[in-house]
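Data first, discussion second: the structure below is written as structure tokens.
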């Protein structure tokens, strides 16, 4: 059943138009209207891949990253970033069959008056993956990609939380 090239092109075009009409779009970096214009990111390691990705994503959203907390409307403190690997299951011979990867980021945000915009909180992500010791290099690469995926997901979660952050209500009145 060979369709002429013209019919195939027409079907492809029709499917593309249907997808576009229903509002389908590929998932990408979300743009947020963050409620501040300047931000200082305080972290244990300014050169960690997570911090670099976070700063880049924040700057995409028209927020300036400052060099000092006194220059910023808000300070985002990354208290910790921890990647952990645990054995999930073993074979009858005692070999590892599955691992659980865990990625945790602890953070808080406050302004120059030390008023909390985001209470201390933790983002925890987990991924399970099967392991085969005959494919060590492939499994190491899979593990690396899973950590990278979790790191990217954590960046997006931080952005969403910052998007909903707000100055505390003044209760002194």
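Inclusion of residue 34 among residues that are at pLDDT 65 or above, more than 15 Å from residue 80 (Cβ to Cβ), surrounded by 13 or more Cβ atoms within 10 Å (Cβ to Cβ) and out of contact with any strand residue (DSSP E or B) (no Cβ under 8 Å at 6 or more places or on another chain) is warranted. Does residue 151 meet the test of being in contact (Cβ under 8 Å) with a residue 60 or more places away in the chain, under 26 Å from residue 45 (Cβ atoms) and touching a helix residue (DSSP H, G or I) at 6+ places or on another chain (Cβ under 9 Å)? Judged against the criteria, residue 151 is a match. When the residues of region 95-132 are filtered to those that are in a loop (DSSP other than H, G, I, E, B) and in contact with a helix residue (DSSP H, G or I) (Cβ under 8 Å, 6 or more places away or on another chain), the one that is surrounded by the fewest Cβ atoms within 10 Å (Cβ to Cβ) is 132.
So how many residues does region 38-50 have that are within 15 Å of the chain's Cα centre (by Cα) and either buried (at least 16 other Cβ atoms within 10 Å of the Cβ) or within 19 Å of residue 165 (Cα to Cα) (or both)?
Looking only at that region, the number is 1.
Taking the conditions (1) in contact with a helix residue (DSSP H, G or I) (Cβ under 8 Å, 6 or more places away or on another chain); (2) at pLDDT 95 or above in turn, residue 61 satisfies each one other than (2). One residue alone among 53, 70, 57 is touching a residue at least 40 places away in the same chain (Cβ under 8 Å), loosely packed, with under 13 Cβ neighbours inside 10 Å and assigned to a helix (DSSP H, G or I), and that residue is 70.
The values are calculated or read from the model by the stated rules, or taken from the named source; none is laboratory data. Treat the numbers as computed from the prediction; the structure is a model and nothing was measured. Cβ atoms come from the backbone with ideal geometry, glycine included; neighbour counts cover every protein chain shown.
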